[in-house]
Amino acid sequence: MPNPSLYSIKKQIYNRIAYLGTVSKADLLEHFSITSSSMTRILEELLAQELILVSGLGTSTGGRKPILFQANPSYRYLLGLDISRISSSLGLFDLQLNCLSSVHWEMSPELSPERLIELVVKETAILLQKHHIQYEQLLGLGIGAVGPLDSKTGVILKPKYFLSDAWSSVPICRLFAERMQLPVKLDNGANTALLAEHWALRDEACKNMLYVHAGVNIRSSIMSGGQIIRGTADTEGAIGQMIIQTGGRRLGETGNYGALEAYVSLPSLEERIQSQLRIGRESSLPAVPPEHITFPALLEALERNDSFVREMFLETASYLGVGLANMINTLLPEYVIVGGALVNADPLVYETAVNVARKNIFDSPSYHPVFTPGILREESAMTGAALQLLQDLEI
């Protein structure tokens, strides 16, 4: 058995190389408190295992040019699966988290867990054949899913607003593991999305981040000191219950009155627009009963620059900005990533939400959070799902 402390350092060194992309021995020695000879030995072991490669030579600072190391992208491969209410996505990744190929499915009443598993199995075979990869080279399947869920037991609990009623108390990890004979790991999609965006922003060396996803509901994830903050319960959708108007409206028959999700979510937007149409608001929306107007029709009207629909989207964005400001004033993150179907509907939605948030955050000359729609955007949850497995790679 290897020395546990040395094994841990070896794993940390590999993770550091994978995270930075390319790195020299000197760079690693600045980060790890071990001797130069120990670092050389560990690098030689990683090279012998083909976990890392020599990628070239760095810039000389006076002596010989330093050797640069990188993670071997083709040592193994990863599958990442994003399960959301609107669509699900599967990606095949190498160990540098490059997405080699991906496939997407629109969620429908017919897309049950069993049907999705069959689709994933089928597409995995196609992707592997396309890239000439053997099944044995797969490390496993990472899943980022809508909550609430139990990541420890690998069960999706009772998510709201799924078109199929079958997505309740689903032991998703066990079902995939039995069908694919692979390790499977589950986490909230908001968490996996933030993990992936943190990875993509690694050159910025940011450690305190807030991720907010505005779609069918409001989902969030928080990172402090480079680590995802996890409560005693699944709190992915807790931000939606933030009260932004005392005694205000309520979404459906659950949740708080005046909660953020009652003002910033697809069901809320649809409900408010349908209500306005019933009292005669003018719009270029289809001449159908108001209750038949759904989000895809709203997107088309927004593209046509329908003034009424644009007004309602911008009102929603303003409420989102208030919710963002409340969270930012509490957490003081360095980076604030804002995404989701509502935010991505039009650039003006994102800009409005950010501008409102900026006007309501703590006014300090030393605090200026960076707002971004993210680098990976719609691919972030799927990418972060695969990243979970990379972090657990045994070497």
Handout entry: Check on GLN245, within 29 Å of ALA385 (Cα to Cα) and not assigned by TED's automatic domain parsing to the domain that holds GLY147
Key = no
Exercise for the section: Return yes when LEU332 is in contact (Cβ under 8 Å) with a residue 24 or more places away in the chain and in contact with a Phe, Trp or Tyr (Cβ under 8 Å, 6 or more places away or on another chain) and no when it is not. Expected result: yes
Practice task
Read through the list (1) in contact with a Gly (Cβ under 8 Å, 6 or more places away or on another chain); (2) at pLDDT below 95, then give the number of the only condition that GLY63 fails.
Solution key: (1)
Problem - Single residue of ARG219, ARG179, ARG230 found to be in the same structural domain as MET327 (by TED's automatic domain parsing), surrounded by fewer than 17 Cβ atoms within 10 Å (Cβ to Cβ) and not polar (S, T, N, Q) - result: ARG230
Exercise for the section: Select from segment 79-135 the residues that are in contact with a strand residue (DSSP E or B) (Cβ under 7 Å, 6 or more places away or on another chain) and of a type in the set (Val, Ile, Thr) and write down the one among them that is nearest to ALA214 (Cα to Cα). Expected result: ILE83
Problem - Residue among ARG230, ARG310, ARG250 that alone is among the basic types (Lys, Arg) and in a helix (DSSP H, G or I) - result: ARG310
Handout entry: Yes/no for LEU302 being under 24 Å from SER380 (Cα atoms) and surrounded by fewer than 22 Cβ atoms within 10 Å (Cβ to Cβ)
Key = no
Handout entry: Residue in segment 59-76 that is under 22 Å from the mean Cα position of the chain (by Cα) and either closer than 18 Å to LEU28 by Cα or in a strand (DSSP E or B) (or both) present
Key = no
Problem - In segment 95-149, the residues that are within 17 Å of the chain's Cα centre (by Cα) and assigned to a strand (DSSP E or B) - result: CYS99, SER102, VAL103, HIS104, LEU141, GLY142, ILE143, GLY144, ALA145, LEU149
Practice task
Select from segment 255-287 the residues that are within 14 Å of ILE243 (Cβ to Cβ), assigned to a loop (DSSP other than H, G, I, E, B) and either out of contact with any Gly (no Cβ under 8 Å at 6 or more places or on another chain) or not β-branched (Val, Ile, Thr) (or both) and list them in ascending order.
Solution key: GLY255, ASN256, TYR257, GLY258, TYR263
Problem - Residues within segment 89-103 that are closer than 20 Å to VAL184 by Cβ, out of contact with any Lys or Arg (no Cβ under 9 Å at 6 or more places or on another chain) and modelled with pLDDT under 95, tallied - result: 1
Problem - segment 181-213 - residue that is free of Cβ contacts under 8 Å to residues at least 60 places away in the same chain and touching a helix residue (DSSP H, G or I) at 6+ places or on another chain (Cβ under 6 Å) and, of those, farthest from SER108 (Cα to Cα) - result: VAL184
Handout entry: Residue count for segment 23-38, restricted to those that are of a type outside the set (D, E, K, R) and either more than 13 Å from ILE67 (Cα to Cα) or free of Cβ contacts under 8 Å to residues at least 12 places away in the same chain (or both)
Key = 9
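Let's see how each residue does on (1) among the basic types (Lys, Arg); (2) at pLDDT below 90; (3) out of contact with any Lys or Arg (no Cβ under 8 Å at 6 or more places or on another chain):
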site: ILE9; (1), (2), (3): no, yes, yes
site: ILE13; (1), (2), (3): no, no, yes
site: ARG16; (1), (2), (3): yes, yes, yes
site: GLY21; (1), (2), (3): no, yes, no
site: ILE34; (1), (2), (3): no, yes, yes
site: SER37; (1), (2), (3): no, no, yes
Practice task
Scan segment 257-269 and give yes if some residue there is among the aromatic types (Phe, Trp, Tyr) and touching a Ser or Thr at 6+ places or on another chain (Cβ under 9 Å), otherwise no.
Solution key: yes
Problem - Cβ-Cβ under 7 Å pairs, at least 6 apart or on other chains, segment 361-386 side farther than 19 Å from VAL184 by Cα, far side of a type in the set (D, E, K, R) - result: PRO369/GLU334; VAL370/GLU334; GLY374/GLU197; ILE375/GLU197; LEU376/GLU197
Completion exercise
Per the filter on segment 31-58, residues part of a loop (DSSP other than H, G, I, E, B) and out of contact with any strand residue (DSSP E or B) (no Cβ under 8 Å at 6 or more places or on another chain) are PHE32, SER33, ILE34, THR35, GLN49, GLU50
Problem - Criterion violated by LEU90 - all others in (1) part of a loop (DSSP other than H, G, I, E, B); (2) under 21 Å from ALA341 (Cα atoms); (3) aliphatic (A, V, I, L, M) satisfied - result: (1)
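The values are calculated or read from the model by the stated rules, or taken from the named source; none is laboratory data. Keep in mind that what you see is a predicted model, and the values were worked out from it rather than measured. Cβ atoms come from the backbone with ideal geometry, glycine included; neighbour counts cover every protein chain shown.
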